[in-house]
Amino acid sequence: MNTLLKNLLILTFGVLTVNAGSIATVDEQKVLSEYVAFNQAREKVLASVAPIQEEIQKMQEEITNIIAEAREADATSNNPALDDKARDEARSKLIGYQTELQNKQVQLQQFSQQAQELGQNGQQQELLPLQQKAQDAVKKIAEDEGIGIVLSTNSVIYVEDALDISDKVISELNK
């Protein structure tokens with residue numbers, strides 16, 4: 001039985017050794033980070049969302065200010081040292097702040113949804129086709145070089161540098 005296991009291991013190692021030339025790896029993150037058209041498209045998507053992100057940030061600041069003013073009005077409305085008129089004015093302000101806060105929160109949610117949709121649309125229209133083009137370039141290089149298997153470097157613990165085709169893919173994409 002021990003001999004059978006040894007023979008099986010030797011056979012497996014032999015097959016892997018014979019086919020080792022038909023295995024390669026590619027660093028997908030490196031490919032996309034050095035793929036000029038992909039980076040230009042990503043910048044375009046980010047630029048399309050940037051004005052909405054700025055507006056969202058302004059709204060968040062406004063909400064923070066409204067909350068601070070509402071807390072101050074709440075403290076004033078509960079101050080026993082003030083007369084009834086001053087406390088009633090503070091309560092009235094507090095109600096106004098609460099209404100304004102609710103409206104701003106609804107606006108913020110709408111803008112956030114809009115930014116998310118815009119980003120998703122940009123990714124689908126701009127980035128996904130370029131990611132597919134990168135996969136096609138990997139396939140082309142693999143076919144040209146007789147490579148039967150291409151693994152992501154993310155899923156490989158160790159690989160010789162000579163088996164990494166990332167730079168070839170990047171060159172193909174940036175022609």
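FYI, it's all coordinate maths here, none of it is from the lab. Predicted, not measured: the structure shown is a model, and the values here were computed from it. Cβ: placed from backbone, ideal geometry, glycine included. Neighbour counts: every protein chain shown.
Peptides 116-122, 136-142 ranked from most to least packed give 136-142, 116-122, packing being the mean of other C-beta atoms within 10 angstrom over each peptide's residues. The long axis of helix 36-77 is offset from the longest Cα principal axis of the chain by roughly 30 degrees. Distance between the modelled labels on GLU61 and LYS44, one decimal in nanometres: 3.1 nm (7 Å Cα→Cβ projection). Compared with the dominant Cα axis of the chain, that is its longest principal axis, helix 2-19 is turned about 80°.
Given the -39500 (n - 2.57) contribution per DSSP H run of 4+ residues, what per-residue ellipticity at 222 nm results for the chain, rounded to the nearest 500 deg cm²/dmol? Taken over the chain, the calculation gives -26000 deg cm²/dmol. In plain terms, if you count all Cα to Cα distances in the chain and split them into 10 Å steps from zero, the share in each step is 9, 20, 16, 14, 12, 11, 9, 6, 3, 1 percent. Sequence-distant contacts, meaning Cα pairs under 8 Å at least 6 residues apart, place the relative contact order of the chain at 44 percent.
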